[in-house]
Amino acid sequence: MLFKCSKCQKKLSLQPNIFEKAYKGHDTCLDCRPKHGGSREGAGRPSLGTTKKVSVTLPDDIWEKIEGEGNKSAFFRDLALKEFEK
Ligand SMILES: [Zn+2]
């Protein structure tokens, strides 16, 4: 089987079983197709940003209040956003 990629114009000589499995119904080669499992722009929900792990020391009574708010990460995120975002 001869397969020609419509994007990079690469010509591939393929075994029929390979063609059936990976190329049939496609018009671009594997290199030109979006990778599955990779990060695709515009896919899924928008990212909140970069996740960084921090250790914070606070008195236990403060922790109790923070934990009373629910999600600790969300609490610190909200606090930081309120502080720095316009
Ligand atoms: Zn290609």
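The values are calculated or read from the model by the stated rules, or taken from the named source; none is laboratory data. These numbers were taken from a predicted model, which means no experiment stands behind them. Note that we place each Cβ from the backbone using ideal geometry, even for glycine, and neighbour counts take in every protein chain shown.
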Selected residue [within 16 Å of the ligand (Cβ to nearest atom), of a type outside the set (S, T, N, Q), loosely packed, with under 12 Cβ neighbours inside 10 Å and at pLDDT below 90] from P46, P34: P34
- prompt: Where residues in region 1-30 are more than 12 Å from the ligand (Cβ to nearest atom) and part of a loop (DSSP other than H, G, I, E, B), which of them is surrounded by the most Cβ atoms within 10 Å (Cβ to Cβ)?
  reply: L14
